[in-house]
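Please read the structure below before turning to the comments.
Rule-based calculations on the coordinates, nothing more; no lab input. The structure displayed is predicted, hence computed values, not measured ones. Note that each Cβ is placed from the backbone with ideal geometry, even for glycine, and that neighbours are counted across all protein chains shown.
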Amino acid sequence: MNIPAHHAPPLWQLLQACAQAVQSVRAGRSLTAQLEAVPAALRPGTQALSFQALRQLGRATALRAQLAKKPPPAAADALLCTVLALAWDEASAPYPVHTLVNQAVEAARRQRQTQGQAPFINACLRRFLREQEALVALTQEQVTARWNHPAWWVERLQADHPDHWMDLLTQAQTPAPMILRVNRRITSVAEVQAELAVLGVSSTPVGASGLQLHKALPVQQLPGFMQGHVSVQDAAAQVAAPLLMQGLDPLQPWRVLDACAAPGGKTGHLLEMSPNAQVLALDVDAHRCQRIHQNLERLKVSAQVRAADAAQPALWWDGQLFDAILLDAPCTASGIVRRHPDVRWLRRPEDSAQLAKTQSQLLKVLWPLLKPGGRLLYCTCSLFKAEGDAVVDSFLQRNTDALICPSPRHLVPGVTPVGLPVGDNALGEHDGFYYALLEKRQAAA
């Protein structure tokens, strides 16, 4: 976890914080928000353990059910499952398994919510140590334990991606690489790659402007980060701006709407490519709009940023049509579960259908704001077809003035993409995404 030994907090304290994070996710709260509340000294270790615990929570919950048919109170169950998640596979355990067990009992004794359950936790974990191989074997055929995703999630991937679902679930269990977007108006991919090599970090070019690092660095250590030379952005997300702006004169003052813009990564990329564009960046959350401002300020570009609901143009639109619209629609985030392992446990089976209604409504209200001949890029970071092809195909059926342009559609990790605006450059270990580029037909003469 890269914590110097003399500064490292005791393991029992990290296990307490990690268990609180697991309990929070089980209660429907995001891991990101929970980690922000963790004291700074505990945060790096808590994040590392929490990511691993959430990636193995399906197996851990199944093991706990073998050890105790009736779950203990929420705090004790979270601590017990956290340790089982970290310990069940000795090859990937972050500490020796006996150490994890001993420190878990210490964590239980030192916390008011779990003190009374400390003997129970101790008994369960000691039995786990004695019968580990047999207990793991008993859980192997359970879908949620085998794949560490809810059963409905596994079934949906099987239906939507029958040739790749196992690879997608396997990849979701591994940490995502750090990928940079190089600001090619200031520097080049080769120059940044050389600067990283000086720091002892090797990298591989991906896409048109990206570098996949073989070892992650804190952003403050990235060469040129504070000067706007590079940004941290997944290679699949880097497709948006080139796809929307391909073929357009980069020096023209195009009117562009970024409808769901926070945290501003794609907004910044649009302005790197077309610095004279008049970009209106919206986000419904005023706090998240501050993130957009910070990103644009670092990149030394500017846009009009407004806290507004893109679905209600009457509250923010000035009546002038846009040349281009980027709609990065709210979605289940099923394509970025590798980076956000809590997402799989936060989502519910009905979420895709509900979000698809929101996505369709956004397309419906934003389409009239586009000039004839203009383009709208619809994208989500979801692998579920209900939030991709189903939404776009339905929209095309209802809008005869909409033409689908060459687009990647579902960008599935591990599958060679088509329809990219960047030639045949590979995207590396990218996230799951969906892209459909729509053009508004010119009115007949």
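Axis angle, to the nearest 10 degrees, between helix 286-299 and the longest C-alpha principal axis of the chain: 70 degrees.
Extension gain, Ser188-Met226: 0.36 nm per intervening residue step, less the Cα-Cα distance, totals 12.1 nm.
The equivalent ellipsoid that matches the C-alpha gyration tensor of segment 5-148 spans semi-axes of 22, 16, 15 angstrom, in descending order.
Placing one equal scatterer on every Cα of segment 234-440 and applying the Debye formula, the log10 ratio I(q)/I(0) at q = 0.08, 0.14 Å⁻¹ is -0.24, -0.80. Relative to the longest principal axis of the C-alpha atoms of the chain, give the angle of the C-alpha long axis of helix 151-160, reported between 0 and 90° and rounded to the nearest 10°. Helix 151-160 and the main axis of the chain meet at about 40 degrees. In this simple spin-label model, placing a label point 7 Å from the Cα along the Cα-to-Cβ direction at both Glu141 and Thr400 gives a separation of 5.7 nm. Placing +1 on each Lys and Arg Cβ and -1 on each Asp and Glu Cβ, with no other charges, gives the chain a dipole about its Cα centre of roughly 1100 debye.
Between exposed GluC sites (Glu not before Pro) in the chain, where DSSP calls loop and at most 11 other Cβ atoms lie within 10 Å, what's the longest gap? Between exposed loop sites, the widest span is 142-349.
Per q in 0.08, 0.09, 0.12 1/Å, what log10 I(q)/I(0) does a Debye calculation on the alpha-carbon atoms of the chain return? Listed by q, the Debye log ratios stand at -0.51, -0.64, -1.06.
With Cα atoms defining each centre, segment 255-273 and segment 5-34 are spaced 34 Å apart in the structure. For a modelled paramagnetic label at Gln320, 7 Å from Cα along Cα-to-Cβ, the residues of segment 258-284 in reach, with backbone nitrogen under 13 Å, are 277-280. Within the chain, DSSP assigns beta bridges of which about 55% are antiparallel (rounded to the nearest 5).
The label-point distance for Lys364 and Gln173, in a model that sets each label 7 Å from Cα toward Cβ, rounds to 4.2 nm. At a Förster distance of 25 Å, what's the computed FRET efficiency of Arg110 paired with Arg288, Cβ-Cβ distance as r, to 0.05? Once the sixth-power term is evaluated, E becomes 0.10.
The magnitude of the dipole of segment 234-440, with charges of +1 and -1 set on the Cβ of Lys/Arg and Asp/Glu and taken from the Cα centre, is near 220 debye.
With +1 on each Lys and Arg Cβ and -1 on each Asp and Glu Cβ, how big is the dipole of segment 126-284 about its Cα centre, in debye rounded to the nearest 20?
Computed charge dipole of segment 126-284: roughly 360 debye.
Simple rule: put +1 on each Lys or Arg Cβ and -1 on each Asp or Glu Cβ in the chain, find the dipole, and look at Cys381, Gln361, Trp153; the Cα lying farthest toward the positive end is Trp153. Axis of helix 11-26 versus longest Cα principal axis of the chain: the two differ by about 50°, to the nearest ten degrees. Between Tyr95 and Asn276, the modelled labels are 6.1 nm apart [label points 7 Å from Cα along Cα→Cβ].
The lysines whose alpha-carbon is closer than 18 Å to the alpha-carbon of Lys266, local same-chain residues fewer than 8 away aside, are Lys300. Annotation: amide H of Gln278 within the under-5 Å range of Trp254, Arg255, Val256, sequence separation 5 or more or interchain, hydrogens built in the peptide plane.
Under the rule of -39500 (n - 2.57) per DSSP H run of 4 or more residues, summed and divided by the residues of the chain, what mean residue ellipticity at 222 nm is obtained, to the nearest 500 deg cm²/dmol? Can you show the working numbers first?
Working: 17 runs with 186 residues, N = 445.
That comes out to -12500 deg cm²/dmol.
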